[in-house]
1. Could you tell me whether the range 74-96 includes any residue that is modelled with pLDDT of 85 or more, under 16 Å from the mean Cα position of the chain (by Cα), small (Gly, Ala, Ser) and part of a helix (DSSP H, G or I)?
2. When you scan the range 9-54, how many residues do you find that are charged (D, E, K, R), part of a loop (DSSP other than H, G, I, E, B) and in contact (Cβ under 8 Å) with a residue 60 or more places away in the chain?
3. Quick one: would you say LEU14 is modelled with pLDDT of 90 or more and either surrounded by 15 or more Cβ atoms within 10 Å (Cβ to Cβ) or among the basic types (Lys, Arg) (or both)?
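The values are calculated or read from the model by the stated rules, or taken from the named source; none is laboratory data. Keep in mind it's a predicted model, so treat the numbers as computed, not measured. Please note: Cβ atoms are built from the backbone with ideal geometry, for glycine as well, and neighbour counts cover all protein chains shown.
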Amino acid sequence: MRGPLLTAAGVGVLTVALHFRDPHTSGSWGLCPFKLFTGLDCPGCGGLRAVNDLTNGDVSAAASSNLLFVLMVPVLVLWWLRWAVRAWTGAPAHEPAPGRARVLAVGLGVVALVFWVVRNTPWGTWLHS
């Protein structure tokens, strides 16, 4: 259980830090290098603000900051729960078949790429952070 517990502790500490040090204040957590050099949002831009908004219970503001991140939170929680249950029961850390893992990785990559492109077009202005 060491891995899942250390991961949960790390995420918990960072989440509390994001709650108390508001990333809505420009530069409070640094600047996104991609946005700094191009002026465009990357797929992660707004993620810290989304975490802060979620810790304040404001799901709509979090979705406005980074919709992709907000939609991935339940997936990441389920993924972590699966890992924790396997560690708790001593089941082998079974990974999906290589073909399934590749399809999942490519699928998530395509979704992130489409999100990245659309949020930087006039049609995706509602996705800006």
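1. no
2. First, the residues of the range 9-54 that are charged (D, E, K, R): 21-22, 35, 41, 49, 53.
From what is left, the residues that are part of a loop (DSSP other than H, G, I, E, B) are 21-22, 41.
Going one step further and asking which of them are in contact (Cβ under 8 Å) with a residue 60 or more places away in the chain, we end up with 41.
Within the range 9-54, residues that are charged (D, E, K, R), part of a loop (DSSP other than H, G, I, E, B) and in contact (Cβ under 8 Å) with a residue 60 or more places away in the chain number 1.
3. On the way: modelled with pLDDT of 90 or more: yes; either surrounded by 15 or more Cβ atoms within 10 Å (Cβ to Cβ) or among the basic types (Lys, Arg) (or both): no.
Answer is no for this residue.
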